[in-house]
Amino acid sequence: MAHQRYLGIIEGFYGKPWSWQARLDYPGFMQETGLDTYIYAPKSDNCLRKDWRQPWTEPFLERLIDCAGSFASSGISFGIGLSPLGLAGAGNTVDFGLLTEKLQQIVSVSDALLCILFDDVPSTGSNMASSQLKLCEKIRAVANPRRMIVCPSYYSTDPVLEKLFGARPPRYWQEFGIGLDDDVDIFWTGERVCSDDYSEDNLDFIANQFRRLPVLWDNYPVNDGEKSSR
């Protein structure tokens, strides 16, 4: 199955998020530069990460809906990145109910693109990929987004990931490639977490592992890297 081509902006960094005005200013800029996708996933929005069980407040949700509408009216896909931290596999009944409620909020904003982000999650051993795949299946069944991208926990061949989060489980990438539906895309940052460029060998390698071409998450430059920002 043919995969979507993306060329856009990910607000997916640590630190101070963009202002609402900056987000509202982006559709015009993106139209002018030929960009077609924006993904809302700031690490500072705890309701998408460590506090994902907490719903967005109504005032915040209204602002996000207005923001998504601004992008959509400009012909730009509006995506949201969710990191259900601490939820393994299918989860328990209570957690799955809370996840369903969060997904309903997300879909009320936009169903154009849903990103499931497992980045910066410590290794849980050999069942890590299978647990994350089960969760992806559950999320897709509930949210039914038009497009979906998953960021694996090991999203680069950079050894710093294993240094920070533990050894990558054997066959982690292969299991992801085999287990994900053919029309789901996978994020990749290249040979480094913040890559300066992308080698053909590295891209061929991971495309073979994932059984699909990766979607490049270009992390350069970012404002949260130890070497690139103070």
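What follows is calculated from the coordinates using simple rules that are stated; it is not laboratory data. From a predicted model like this one, the values you see are computed outputs, not experimental measurements. When we count neighbours, we look across all protein chains shown, and the Cβ atoms used for this are built from the backbone with ideal geometry, even at glycine.
Could you please find all residues in segment 141-190 being in a helix (DSSP H, G or I) and among the acidic types (Asp, Glu)?
162, 175
Would you check if residue 142 is surrounded by 12 or more Cβ atoms within 10 Å (Cβ to Cβ) and touching a residue at least 40 places away in the same chain (Cβ under 8 Å)?
So residue 142 passes the test.
Looking at 213, 133, 203, which is the one that is surrounded by fewer than 17 Cβ atoms within 10 Å (Cβ to Cβ), touching a helix residue (DSSP H, G or I) at 6+ places or on another chain (Cβ under 7 Å), among the hydrophobic types (A, V, I, L, M, F, W, C) and farther than 20 Å from residue 13 by Cβ?
Checking each option against the conditions leaves just 213.
Among the residues in segment 195-204, are any in contact with a Gly (Cβ under 7 Å, 6 or more places away or on another chain) and either under 22 Å from residue 4 (Cβ atoms) or free of Cβ contacts under 8 Å to residues at least 60 places away in the same chain (or both)?
Yes, the conditions are met somewhere in segment 195-204.
Under the condition of being part of a loop (DSSP other than H, G, I, E, B) and of a type in the set (Ser, Thr, Tyr), which residue from segment 39-86 is nearest to residue 108 (Cα to Cα)?
Residue satisfying both the conditions and the ranking: 57.
Spot the failing condition for residue 94; the list is (1) over 25 Å from residue 182 (Cα atoms); (2) in contact (Cβ under 8 Å) with a residue 40 or more places away in the chain, and only one is missed.
Single failed check for residue 94: (2).
If the requirement is being free of Cβ contacts under 8 Å to residues at least 40 places away in the same chain and in contact with a Lys or Arg (Cβ under 8 Å, 6 or more places away or on another chain), which of these qualifies: 123, 77, 156?
156
Here's a check for you: in segment 99-130, which residue that is part of a loop (DSSP other than H, G, I, E, B) and among the small types (Gly, Ala, Ser) is surrounded by the fewest Cβ atoms within 10 Å (Cβ to Cβ)?
125
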